[in-house]
1. Between a residue in the stretch 94-115 that is closer than 21 Å to K264 by Cα and among the charged types (D, E, K, R) and any residue that is open to solvent by less than 80 Å² (accessible area, probe 1.4 Å) and not in a loop (DSSP other than H, G, I, E, B), which pairs come within a Cβ distance under 7 Å, given they are 6 or more apart or on different chains?
2. Can you name the residue in the stretch 306-328 that is among the polar types (S, T, N, Q) and within 31 Å of the chain's Cα centre (by Cα) and is also surrounded by the most Cβ atoms within 10 Å (Cβ to Cβ) among such residues?
3. Restricting to the stretch 296-326, name every residue that is at pLDDT 90 or above and either basic (K, R) or in a loop (DSSP other than H, G, I, E, B) (or both).
4. Filter the stretch 354-370 down to the residues that are touching a residue at least 40 places away in the same chain (Cβ under 8 Å), open to solvent by 30 Å² or more (accessible area, probe 1.4 Å) and of a type outside the set (D, E) and list them by number.
5. Name the single residue that is least open to solvent (accessible area, probe 1.4 Å) among those in the stretch 100-151 being among the charged types (D, E, K, R) and outside any loop (DSSP other than H, G, I, E, B).
6. Pick from the stretch 459-507 the residues that are among the hydrophobic types (A, V, I, L, M, F, W, C) and touching an Asp or Glu at 6+ places or on another chain (Cβ under 7 Å): which of them is most open to solvent (accessible area, probe 1.4 Å)?
7. Can you pull out the residues in the stretch 152-202 that are surrounded by fewer than 22 Cβ atoms within 10 Å (Cβ to Cβ), without any contact (Cβ under 8 Å) to a residue 40 or more places away in the chain and touching a helix residue (DSSP H, G or I) at 6+ places or on another chain (Cβ under 9 Å)?
8. Condition test on D384, is it over 11 Å from the mean Cα position of the chain (by Cα), within 29 Å of D94 (Cβ to Cβ), open to solvent by less than 40 Å² (accessible area, probe 1.4 Å) and acidic (D, E)?
Amino acid sequence: MAVLSGRRRKGKRTPLIRKYVIGTIAFSPMALVRNKSFAPVLFAAIFLLSFLWYSSVFQDSLKHLMGNCFGPVMGINFTFQPNKAAAPRPRSFDLQSEINSVFNKIQRIIPNVTFTFFNRSTSAKISKVSIVNRREHYCLGEDLVVQVDMYDHLGDRKTYGGDFIRSRLFSHKLGAAVSGRVEDFHNGSYHVHFPLRWVDSNKTKVSIQLMHPSEGIAALWRARHASLGVLGFNGKYECLGKEAITDCHFQLNTTEEVCEYKDKFYEEAFYCIKPKNISCECLHDMRAVDPRVSYLTEGEGSLFARSNIGVEMAKGLKTIVITDCGFVKYFRFHEGGWHSWQKTLEALNMDKDIYVSYKRHGFPLESFGFYYFKEDMYTSRQIDQRGGGKDTIFVISMGQHFRQFPLTLYIRRAINIRRAVERLFLRSPDTKVIIKTENTRQFATLPERVGDFHGYTQYLVLREVFVGMNVGFVDAWDMTVASCIESVHPFGYTLNNILSMTFSMAC
């Protein structure tokens, strides 16, 4: 917790009698008192000023009391605002402008195509995959380039890009894998670049999966921003034996009274419909609610049948032979473990003088059972409340729980975290900060709600927001794509690799 301290300013004592200047007339209060003709005027002025000051304070206090008792309480901060005297000042540039800038950069890579009918969308089975400049063997450290040419279900060549491709190069024999970098030529053709990072005599394979056609990506982007999201929330209010559950969200379309829970410094807010005869301060628990809505058309929905997601396109490619050719060899890590996320967790190692604290992020949290939310804070505030220093390490991860909302919400949260890190570096430049990106998850999850396309756009946002900063960057997206992990909670050597890289950066 942040500790505020004050110091008495040193210097000469301030004289009890001061001279004041009004217009061009200098006068001394004590001189007016000695002059009896001016004394009544002086006392009347003092009384009037005192009354006006007292009246203003009294009226403000009365308004505050009446508002608490009878009206909706607006602007309540449930994330514990720091003392105003010690609060860091906001950045001079506008937060919304920066959010718009990042959003526009992501939007420019989204294909601007309209779904007509299924057979005109990209077909993974008809499309072709080949190796550019195929050779007998390749050298460690080189790049392998694979070409992908897309066709629709009618056999016609695609003339635009934007397909969502997941690619990896792997060796089961060695337990090694790496993801590919996709280069889109925006004419239906792609190059996928794979760095060759291990030696293998004959077992390294290429995998190219079509996750979603460009028509599906355009539909997912439109659907994600056609509403406030595909997940709702309930707030539970408890006060003096009374209990009520109401709807909550980042915006509410209602004519009823609304409670606003706003953090003015970070410009974050959410709202709940105010229960009758219960104060806004009585919000105690939150839970997620599935409204079971979709913003995809029936035709667009056919693009996301499970059989059309993650279809392998490189089955016909032969294995790759990679030789040393005089390059340095690489090493890997294996095995690992995991902890649950539902609670605030702490660990203490007395022997090595290590303290670890795990805190979940603030609203929204995708938990369909009620949980006590008042101990939660936005990550940016958690950073601002820490002093930092050479023995302090922050590891920050954000992703999966934001997939069901417009991307601007995620961008806002990421920028606020970056700003908090910038403030941290100003007061404690030797603090270490590590950003862990989100990872891939199961193909079977609903693409409109939590599909990997949404995760990929958020991954791009993190790279954009934290570019150029002196922070560690654990690319879990790259690692899980390379490992072909289809789990929201990576396991085995993939998890161990994520943790090993994090600890390497920390040390």
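The values are calculated or read from the model by the stated rules, or taken from the named source; none is laboratory data. Everything quoted here is computed from the prediction, not taken from an experiment. Cβ coordinates were reconstructed from backbone atoms using ideal geometry, including for glycine residues, and neighbour counts include every protein chain displayed. For the accessible areas, the whole protein counts, side chains as well, though only heavy atoms, and no ligand, DNA or RNA atoms are used. Shrake-Rupley method; radii C 1.70, N 1.55, O 1.52, S 1.80 Å.
1. Listed by first residue and then by second, the contacts come to E98/I415.
2. Filtering the stretch 306-328 down to residues among the polar types (S, T, N, Q) leaves 307-308, 319, 323.
Restricting the remaining residues to those that are within 31 Å of the chain's Cα centre (by Cα) gives 307-308.
Numbers: S307: 6, N308: 20.
Checking each candidate, the answer is N308.
3. Correct list: L296, T297, A305, R306, I309, G310, M313, A314, K315, L317, K318, T319.
4. Listed by number, the residues that qualify are H361, F368, G369, F370.
5. Initially, the stretch 100-151 is screened for residues among the charged types (D, E, K, R), giving 105, 108, 120, 125, 128, 134-136, 142-143, 149.
If we keep only those that are outside any loop (DSSP other than H, G, I, E, B) too, we end up with 105, 120, 125, 128, 143, 149.
On the way: K105: 84, R120: 89, K125: 183, K128: 115, D143: 87, D149: 26 Å².
That would be D149.
6. As a first pass, look at the stretch 459-507 and keep what is among the hydrophobic types (A, V, I, L, M, F, W, C): 460-462, 465-467, 469, 471, 473-474, 476-477, 479, 481-482, 484-485, 488, 491, 495, 498-499, 501, 503, 505-507.
Subsequent filtering for residues that are touching an Asp or Glu at 6+ places or on another chain (Cβ under 7 Å) retains 476-477.
Working: A476: 0, W477: 17 Å².
Per the criteria, the residue is W477.
7. D152, H153, L154, D156
8. Numbers: over 11 Å from the mean Cα position of the chain (by Cα): yes; within 29 Å of D94 (Cβ to Cβ): yes; open to solvent by less than 40 Å² (accessible area, probe 1.4 Å): yes; acidic (D, E): yes.
Criteria met by D384.
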